[in-house]
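Asker: Below you will find the structure I want to go over with you.
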Amino acid sequence: MKKIGYTTGVFDLFHIGHLNVLKRAKLECDYLIVGVSTDELCMEAKNKKPIIPFQERMEIVEAIKFVDEVVPQVNYDKEEAWNNLKFDKMFVGDDWKGSDKWNKLEEDFKRLNVEIHYFSYTSHTSSTKLREILDKI
């Protein structure tokens, strides 16, 4: 049976950390769906607009050979995403592991036979670090 994986991100200033997450996620599933956060969701959640516009970020992620499908992420409701996409595994950064929100999601998803797989982040780079460097220029 085909295993469907799902992960999300802003994917602003696309870097090796993004690529590593997508590559590792694809190793864990047969079909990888990636949710790209909309500009509006980023503004709502982080109060900052991505440098790369939403449509371009979608195109960049779509061009990655490990990605089978790209969808807009318009909210953080993972159960709604599951209702729409019916994934078997969800991939997320390990900085969320053990948080109340993700402990509850793990319980809820266990009932749906969805496994949550945590990945460690590439610590030496991030879009935030890149953005800070660009702001200094």
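The values are calculated or read from the model by the stated rules, or taken from the named source; none is laboratory data. Predicted, not measured: the structure shown is a model, and the values here were computed from it. Counting neighbours? That spans all protein chains shown, and the Cβs are built from the backbone with ideal geometry, glycine included. Just so you know, the surface numbers come from the protein's heavy atoms only, side chains and all, with ligands and any DNA or RNA stripped out. Shrake-Rupley method; radii C 1.70, N 1.55, O 1.52, S 1.80 Å.
Asker: Going through the stretch 77-88 one residue at a time, which ones are crowded, with 16+ Cβ neighbours inside 10 Å and either in a strand (DSSP E or B) or charged (D, E, K, R) (or both)?
Answerer: 78, 88
Asker: Follow-up question, since we're still on this one. Here are the criteria: (1) at pLDDT below 95; (2) farther than 23 Å from residue 3 by Cα; (3) within 13 Å of the chain's Cα centre (by Cα). Tell me which single one residue 21 does not satisfy.
Answerer: In the conditions (1) at pLDDT below 95; (2) farther than 23 Å from residue 3 by Cα; (3) within 13 Å of the chain's Cα centre (by Cα), residue 21 misses (2) alone.
Asker: State which residue is farthest from residue 14 (Cα to Cα) when the search covers only the stretch 54-76 and only residues that are free of Cβ contacts under 8 Å to residues at least 12 places away in the same chain and not in a helix (DSSP H, G or I).
Answerer: If we take residues in the stretch 54-76 being free of Cβ contacts under 8 Å to residues at least 12 places away in the same chain and not in a helix (DSSP H, G or I), then 65 is farthest from residue 14 (Cα to Cα).
Asker: Being in contact (Cβ under 8 Å) with a residue 60 or more places away in the chain, open to solvent by less than 30 Å² (accessible area, probe 1.4 Å) and assigned to a loop (DSSP other than H, G, I, E, B) is the filter here; which residues of the stretch 89-121 pass it?
Answerer: Listed by number, the list is empty, since nothing qualifies.
Asker: What single numbered condition from (1) polar (S, T, N, Q); (2) farther than 26 Å from residue 20 by Cβ; (3) surrounded by 15 or more Cβ atoms within 10 Å (Cβ to Cβ) fails to hold for residue 73?
Answerer: (2)
Asker: Ok, one more. On the given criteria, is residue 51 more than 18 Å from residue 118 (Cα to Cα), open to solvent by 30 Å² or more (accessible area, probe 1.4 Å), in a helix (DSSP H, G or I) and of a type in the set (Val, Ile, Thr)?
Answerer: When the stated conditions are applied, residue 51 does not pass them.
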